[in-house]
Every structure is written in C-alpha cells, then in structure tokens.
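Here's the structure, in structure tokens; my notes come after.
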Amino acid sequence: MTVWHGVLCGAIIVLVILNIYQFLVQRAALRISEILYVMAGNVRAKAQEVRREGKDVEIIEAHLFDMATSARCILRALGRSEDSLGPDPALTVGTNGNRMSSDSLLRLADNIFFAVSEENPGAEWDDVQGEALKRFQKKVPNMELEAARKIVTVVAHQAHKENGHKGAQLDVGRSG
C-alpha cells in the first residue's frame, strides 16, 4: 500500500504543479492582452484626434512604433528568441515620406534609443548612444552625420536626466 500511496502523492503533486503553471500562464496572457488592448485604444483615440484636427500622421506612426517596441519587449521577456521575432521595429517601421518635422525626428530618435537600451540594459552609455546613432542614420539616411548625432545626443541626455542615473552605465526604466 505504501508504493501506491507514493505514486498517488506524486501524481497529485505533479497535477498541482501543472495547475499552478497553467494558471500563471493564463494570467500572463490576460495581462498581455490587456496591455495591447489599452495601447490599441490609445492609437485609435489618436487617429480620431488626427482626423478631427487635421494633425500630422507621424503621431500615429510614433504610437504604432511604441506598440511594436512594447510587444517585442514583452515577447523577449517571455523567452522568444531574437531570430523568431523578425526585424527590429526601429529599423522597419516606415516614416511619412522624406518630410519629417523636428518633433517627429526627436520621437523617432527617442524610440530608437529606447529600443537599443532595452536590448542592452547593462551597456555602457557611449555604446548605447553609438548603436542608436547607427540605427537612426539607417532610418534617416539623407540627414548629415553631425545633425543626427546632435539629435541622438539630446535624446540620450534627456533619457539620462529622466532616469536620474549618475553612473557610467545605462539602466533603462521607461514608463508609459
């Protein structure tokens, strides 16, 4: 009888562990769907605002870029490999033609800087800035190097100031 009790106890423990795992996975999926639902609602509201007020479409592009970056970060946090995710949104999300306002350039540089710093959370400040500059130049190839460097430097210093870091390493924690 003790062998049967041991087998029965082992089966119960395995079933309890599987039940807990299933519950946690279900909660994580629910949370992710809530996040994406809220983000989609924000984009929809901005799209209506753009239509109503005749604003520039780059606002919507920035929000969509934020959604793509957030979804990519969530998938990476859940264990997806970089290869299975496809290309980085910082390099693939297109811009509205060649005419970009200074606000949209700053937004683009901010999004790229955030994506680079998320990929390399413990990287040196100069390395993150350098990689962000390379990606920014790929997105805006007709911009002069010095102008692109100034934009990325402004964004990097603003991120550094907002995060309140005084050290040589960049540790990103972005909200919103």
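Quick check on ASP56: is it at pLDDT below 75 and either more than 22 Å from ALA159 (Cα to Cα) or not small (Gly, Ala, Ser) (or both)? Steps first, please.
Working: at pLDDT below 75: yes; either more than 22 Å from ALA159 (Cα to Cα) or not small (Gly, Ala, Ser) (or both): yes.
In short, yes.
If the condition is being within 22 Å of THR69 (Cα to Cα), exposed (fewer than 11 other Cβ atoms within 10 Å of the Cβ) and charged (D, E, K, R), then the range 32-55 contributes only GLU34.
Looking only at residues in the range 66-112 that are of a type outside the set (A, V, I, L, M, F, W, C), over 27 Å from SER33 (Cβ atoms) and modelled with pLDDT of 65 or more, the one that is surrounded by the most Cβ atoms within 10 Å (Cβ to Cβ) is SER104.
Across the range 1-16, what is the total count of residues that are assigned to a helix (DSSP H, G or I) and loosely packed, with under 10 Cβ neighbours inside 10 Å?
Result for the range 1-16: 4.
The values are calculated or read from the model by the stated rules, or taken from the named source; none is laboratory data. This is a predicted model, so every value here is computed, not measured. Every residue, glycine as well, gets a Cβ built from its backbone with ideal geometry; the counts of neighbours run over all protein chains shown.
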